[in-house]
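Have a look at the structure below, then the notes.
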């Protein structure tokens, strides 16, 4: 195997590639000549960390390339970007919930550096925090956390999606901060989806009781198993099957009363495609559906039939009318 290729792919997996190296990774992926090197690097990652790479259709040829293409575009202005592969290529400034991101500096809270762990495209990554809490990151997500929880609260910061199985501690609440919502628990299991470019942030409860408040509000909304809270400027709550909360960890796509507009970014991340909307920015009706190990055409056909919209699939793009 080509050791130089392996070294470059290791840098990619650890989010350390510059723009020129991203172009090289793109050429490696498209050539199809280095599958053995790619597999070797992923196996190394799986052995050194508690990592899973679910069976995602066309992972190498779609999602990775799609992510690279987005990462190497010039940044026209400062924006709150997704981390993952693009983190090293963008200058990120964020001031909220008492912590700061600035360039390549480590985030800090009350002058204490935070540790960060990220998952790349197509990867799920499991982390065990100092208190024993288990966190599973979905694809293209980042968690910031303290090495030790020494204070009266256990605080973490999430970009993307993660499932939390929190160890109970009545004296130290566990708090998940996102850009829009804060989640407060003592010990329970729940899912948070807070991708920066998604229209809404959602919190879904598997077990126990969860308190959720908007970042600029002290009012808490209490959720029980099967409850789901969605926030897009306004708070909405509904009820889902508690078992569905963990569906994505098993490679399933589960949508409960979702519009195609909100389903689109999930499909973009899962299949590595771009989805564009025509003049009608909210076509069709809400959809409830579940998919596992389905191709993109199969998923789109079912969504179009049940959602009442039309679409065109052209190479790596979906155009919805």
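The values are calculated or read from the model by the stated rules, or taken from the named source; none is laboratory data. Keep in mind the model is a prediction, meaning the values are calculated, not measured. Cβ: placed from backbone, ideal geometry, glycine included. Neighbour counts: every protein chain shown.
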Task: Candidates 183, 156, 167 - the one that is modelled with pLDDT of 95 or more and either more than 27 Å from residue 232 (Cβ to Cβ) or in a loop (DSSP other than H, G, I, E, B) (or both) - done: 167
Task: Odd one out for residue 266, checked against (1) assigned by TED's automatic domain parsing to the domain that holds residue 298; (2) closer than 26 Å to residue 134 by Cα; (3) in contact (Cβ under 8 Å) with a residue 40 or more places away in the chain - done: (3)
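For every residue, the table says whether it meets (1) part of a strand (DSSP E or B); (2) within 17 Å of residue 198 (Cβ to Cβ); (3) at pLDDT 95 or above; (4) touching a helix residue (DSSP H, G or I) at 6+ places or on another chain (Cβ under 9 Å).
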residue	(1), (2), (3), (4)
261	no, yes, no, no
267	no, yes, no, yes
281	no, yes, no, yes
285	no, no, no, yes
288	yes, no, no, yes
306	no, no, no, no
TODO: Those residues that are over 19 Å from residue 208 (Cβ atoms) and in contact (Cβ under 8 Å) with a residue 40 or more places away in the chain, I need them from region 142-160; list them, please.
DONE: 142, 144, 157, 159, 160
Open item on the list: Condition (residue is touching a helix residue (DSSP H, G or I) at 6+ places or on another chain (Cβ under 6 Å) and touching a residue at least 60 places away in the same chain (Cβ under 8 Å)) applied to region 189-198: is it met by at least one residue?
Closed with: yes
Task: Residue among 212, 167 that is crowded, with 21+ Cβ neighbours inside 10 Å, assigned by TED's automatic domain parsing to the domain that holds residue 128 and within 21 Å of residue 154 (Cβ to Cβ) - done: 212
Task: Scope region 210-237; condition outside any strand (DSSP E or B) and within 22 Å of residue 143 (Cβ to Cβ); matching residues - done: 215
